[in-house]
Every structure is written in structure tokens, then in C-alpha cells.
Amino acid sequence: MLGGMTVDATAHSPFQTARVRTLLRITVPALVIGAMCGVLLWAIDEVAEGVTVVLWEWLPELTGVDPAARWWPILVLGLAGLAVGVTIRYMPGHGGYDSATTELVAPALPLKALPGIALALIVSLGAGVSLGPESPIISIAVGLSVWGVAKILPNASHGAILLVAGAGMVGAMFGSPVAAALLLTEMVAGVKAGGLLWDRLFAPVASAAAGALVAHQLGVAFAPGLIGDYAGPHWMDLVVGTPIALTAAAASLAGAWLMPRLWHLLRRFPNPIVFTTIGGVLLGILGAIGGPLTMFKGAHETGELISRASEFSFWALLGLALMKVAALTVSAASGFRGGRIFPAVFIGAAFGLAGHALVPDTSLALAIAAGCLGSILAIGRDGWLAVFMAVAIVGDVEILPMITVIVLPVWLLVTSAPEMLVHGATVPPNAGHSAPKEPEITPEQATS
């Protein structure tokens, strides 16, 4: 007893000291893995950009073709589908997990599978497929991390490495360790065991911070501009923002409903070369109709769309949003490797801009944030990530209170709706992997 206060005898107990030492011991490898994720993201982005230059600038100039010709996207994306199909068919690992059948973070694949994943991803990104780099590049990061750590620490837990590498790449892609912390909270918080949540998140957050810092330095992190027209919470924000968010979610859910059906239809062709080529041709047709803004992963295109919003009418913006939903649905269903979050950002921004075109006297930032909230929640099915990205896309934290209210009716809409994911998928031999059952990750694995 000291001054009427009881001193907590466990504050400096051997258990607490050992816990701190454990957290410090895992920090260095976590920082190294996170930095590796930032460099890997930069390398993949640079090579994919080179492919884009070759396909959309160098080849048209060399052949005298107008890249704006309606048939050029059909040819380029059809050939991209053929190349991805050949990769899935013949390269070791068959291009890794089919992105339509697996979650964002999936169990590690062997080292020999990683070149095929990288090739399929680079072709998809470079050619203009409407998918982001998320799940394939996380697979590459996890595979490299498991292999590298095993050389130094052969007894290290694969579950812990998976969390750290996944967090590092999420931090690098979204430019913030906060995104990784929110995304991984649901993975580890539901584990019924002792220990503090932030003990289990310590190494992943360290890795995510390193990944974000390196990615920012290399210029590949997601960095939206500031839309500073939000004047603070007002009841009219709910009247405007909620319908925009619900509309964006409903349209995205239509794609989520259609994607597994299209996936099964295309898998009637047992050879991946056939169904990826068909998908590429379909994407080319959509690209010819919707134009370059509706192609590629959507990060750069979202900024361009926002900056050029005054050039488009309400109906044009709505058409761009729906075209991107269709392109994402076809991309995910036809075997291309990539993630769905960055295209969802474009979809949400387009719906937000369309909503703002109807009520131009309201906040542009609120409209865009609400649209992104709805589309990301419907497509990614992660409330924390949807809220984070809605705030990040406009760069104004003052919008957070209203977003946390708008998310509630949107969640009621999406919670029992179909996911943009193929469950229980079975595929023919050499047609690519469906997602295996993920092993449970215990708190001990996450901090050991």
C-alpha cells in the first residue's frame, strides 16, 4: 500500500518481462519482412508499368495502330488472357490461387509456384485487367517470407509469418499500417485464448509500418489527394450519403451474385487457356465501350476520374461505375490473378461522383467517401477496411463520425448477401488452384 493506492505486483512480473522481450525479438524480422514487401510491390509495379508501355504505347507506335481504336483493347486483353491461361496451364504452381476462390491472405505456397504467380499478375496488371495486385502479391510475399525465415529460424511458425507478411504487403499497398491493423483484427480477435489483442498484432503492425514507409519512399503506395470541402457532420449528410452508399453496395452485390455463376460457366472449358482467353476478349469489349478509365486496377484511374468529374454527366458517371462492376466481375471470374479492393475504390468513387452530380450543393468528399464505403463493404466484406478506405480516399478524418453511421445500414444490406467469392470450388487438373481450408492461427503463432 502506498499513499492509499495498491501497487500492482504483476506490473513487472517475470511473465510481463518475458512478454516484452518476445515482442522486441520479433520486431526486427517483422521490419525486414515489411521492407521487403515495399520493395516487392515497387518491383512488380515497375515491371507491370513496362508491360503497359509496351502494349499501349510502343506497339501501337511501331505498327502505326491507333491505340484508341475500338478493336485494340479486344486484341490486347484477348492476348493477355491467352498468356495468363498458358501460365496457369504449364508453369509450376499453375499461377497460384484462383483469385475468385480465395481470401486476401491465404496459406503459403511453395517457392517454385511464385514465378508463375508473378507472371500472371504482371500480365494482368500491365494489360489493363480490372483487378488490383492484392491477393497474388500477398501470396508472393508470404511465400518468400516463409522460405527466407525458414533458412534462419527453421522452427518459426508459418502462421505467424503469414500474418506478418500479409500485414507488410497490406501496409505497403494502402500506404498505412492502420489498414493492416484493421484488416487483421478480425483474423486474430476471434481466437478464444488468453493474451492481449495488440500482442498478437504487434509484429504485423511493425511489418505493415515498414512496408508503408518503403512503399511511400518508392512512390508505389496508395496516396489519394485531399478533398477538403467537408464542413462537419450535419443531418443532411445522412440524407445524401446513405443512398449513395446503398446504391454503390447494391450494384456491387449484383456483380458479387453474378461472378460465381460466370466462374462456373467458364470452367465448363477444362483448359485454362480457353476460359482466360474468353475472359480477355470480354474485357476487351468492355474496355472498348467504357474506355481506358474503366480498365486497369483503378488506383490511378480513380484520381483521374475525380479530377475530370466536371467533364461527365450523371449518366456518364453511372455508366462508368456499372462498366467497372462488369469488368471486375469478368476479370475475377475468368481466371486472371489479382485483387478486388482497388477496382472497388473506383466503383465507389464513380457512384459518389454520380450522386454528387445530382446534388451538387453537398460535400463532394462525403459523396465519394460514401460511395467507396458501399462498394468496398459489398465487395471486400470487411467493415474496418471499408471505413478506413472511405476516409483515406478523401484525406479528411473529420468525415469519420458520419461514415461510422452510414456504414450501419450498408452492413445490414450486405451481411446476408452473396460474397464476390466462389465457395467450395473444384477445378480440373492444371486449371489453377481453388482455395484450401486455411489453418487456424492461434495467438501463440501470431507472436512466436
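Where a number appears in this text, it was derived from the coordinates with a stated rule and is not lab data. These numbers come from a predicted model, not from an experiment. Reconstructed Cβ throughout: ideal geometry from the backbone, glycine too, with neighbour counts over all protein chains shown.
At a Förster distance of 30 Å, what's the computed FRET efficiency of E103 paired with W147, Cβ-Cβ distance as r, to 0.05?
E between E103 and W147, to the nearest 0.05, is 0.90.
Around G339, which amide H atoms from residues at least 5 apart in sequence, or from another chain, sit under 5 Å from its own amide H, with H modelled in the peptide plane?
Hits under the 5 Å cutoff: G132, E134, S135.
Quick one: what are the phi-derived ³J(HN,Hα) couplings along the stretch 114-124, Karplus 6.51/-1.76/1.60 with θ = phi - 60°, whole Hz, x for glycine and proline?
5, x, x, 4, 4, 5, 4, 5, 4, 5, 4
Report the label-to-label distance for V239 and L412 in nanometres (one decimal), using points 7 Å from each Cα along the Cα→Cβ vector.
Roughly 2.0 nm, to one decimal.
Figure the gain on full extension for W58 and F269 (residue separation times 0.36 nm, minus the Cα-Cα span) and round it to one decimal in nm.
Contour length minus the Cα-Cα distance gives 72.6 nm.
Arranged from highest to lowest average of other beta-carbon atoms within 10 Å per residue, in what order do the peptides 295-303, 346-354 appear?
346-354, 295-303
If packing is taken as the average count of other Cβ atoms within 10 Å, what order do 275-282, 396-403, 373-380, 60-67 fall into, highest mean first?
Values: 275-282: 25.5, 396-403: 17.5, 373-380: 31.9, 60-67: 10.5.
Those peptides, ordered most packed to least, come out 373-380, 275-282, 396-403, 60-67.
How much FRET efficiency would the formula 1/(1 + (r/R0)^6) give for L218 and R70, where r is the Cβ-Cβ distance and R0 is 35 Å, rounded to 0.05? Don't jump to the answer; show the numbers that get you there.
On the way: r = 36 Å, r/R0 = 1.03.
Once rounded, the FRET efficiency stands at 0.45.
Going highest first, how would you order 264-273, 138-147 by mean Cβ packing within 10 Å?
Working: 264-273: 16.6, 138-147: 24.1.
Ranked from most to least packed, the peptides come out as 138-147, 264-273.
Using only the Cα atoms of the stretch 235-414, build the gyration tensor, take square roots of its eigenvalues as a ≥ b ≥ c, and label the shape rounded, prolate or oblate: rounded if a/c is under 1.5, else prolate if a/b is larger than b/c, else oblate.
Cα axes put the stretch 235-414 in the prolate bin.
Using a 7 Å offset from the Cα along the Cα-to-Cβ direction at both Y90 and F314, what is the distance between the two label points in nm, to one decimal?
5.3
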